């Protein structure tokens, strides 16, 4: 496990992140040897996965330390939830095992209130066999106290033994790893934040041996410690959109890092990267697959986080290359235009 970089940016700006949405966390305490976990708990969890698929809900199975499917992140999150025995079901940090019928309705109610701090993620499957997450956290209100961001790998349809289901049970939404060494996340801020403050995080982990892109999700969870030592779930996000890196032209790696490109709804692409120093003259070039230069802009980069938007009106659907040049060095990355 390797944390690449955490870069905190505290500045007022027009929001470019996710809408002011609220997410809920639904967790199941489970174990592969537990017959009830493979009995009524199995059916109940599947019903929650299916019933919450159209809601802003992160639904995860957390295996205990004695289970074959356990991991450090699951153990740490279960310790934070507290209690004992399995199966148990939680909404955020509240035990709902005896109130299962109200989970979906309470998720809908909680999410209708809107979030005070939210997260957005760009996930990339890198050519070096790692999974990289660029996460952007934004405060929508003035906040005081400590807040932390956790990033987690979730693997769906994992085939493994389960008491009551057999040797080849289809395990849903297993939380299998934390992107950060601390399972309760990295510090976003403590003290005071104001509306519009933005914080950027970048982390990666090796691809698991049983990795399948179509069955992989990444969750962000924002936590706040309480006076009793427990961390309370504040908000989060979930994505199954993973970009596969296809180029490795990295001559500017000593100057640029965390280059990400994604299409916005208004026929533009947004380019984000970190610069280790100020650069007075850089060129952003959009090339087609034949190497023909379609669009260029000259600009500069500041030390730290940089963000640019390029209009796509003249581009057809297809694969293009963004090339960034500084003097005689360059870095390139492919992106897809879909209108």
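The values are calculated or read from the model by the stated rules, or taken from the named source; none is laboratory data. This is a predicted model, so every value here is computed, not measured. No Cβ is skipped: glycine too gets one built from the backbone with ideal geometry, and neighbour counts run over all protein chains shown.
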Since residue 246 meets every condition but one in (1) at pLDDT below 90; (2) within 23 Å of residue 258 (Cα to Cα); (3) surrounded by 15 or more Cβ atoms within 10 Å (Cβ to Cβ), which condition does it not meet?
-> (3)
Output the residues belonging to the range 169-181 that are more than 9 Å from residue 158 (Cα to Cα) and either surrounded by 13 or more Cβ atoms within 10 Å (Cβ to Cβ) or in contact with a helix residue (DSSP H, G or I) (Cβ under 7 Å, 6 or more places away or on another chain) (or both).
-> 175, 176, 177, 178, 179, 180
Residue check, residue 166 against (1) touching a helix residue (DSSP H, G or I) at 6+ places or on another chain (Cβ under 9 Å); (2) under 30 Å from residue 40 (Cα atoms), all met but one. Which one?
-> (1)
At least 2 residues that are at pLDDT 95 or above in each: list the strands (runs of 3 or more DSSP E) lying fully within the range 1-94 that qualify.
-> 24-30, 57-63, 88-91
Among the candidates 26, 59, which residue alone is crowded, with 23+ Cβ neighbours inside 10 Å, within 17 Å of residue 170 (Cα to Cα), within 17 Å of the chain's Cα centre (by Cα) and in contact (Cβ under 8 Å) with a residue 40 or more places away in the chain?
-> 59
Determine whether the range 188-204 contains at least one residue that is modelled with pLDDT of 90 or more, in the same structural domain as residue 145 (by TED's automatic domain parsing) and surrounded by fewer than 16 Cβ atoms within 10 Å (Cβ to Cβ).
-> no
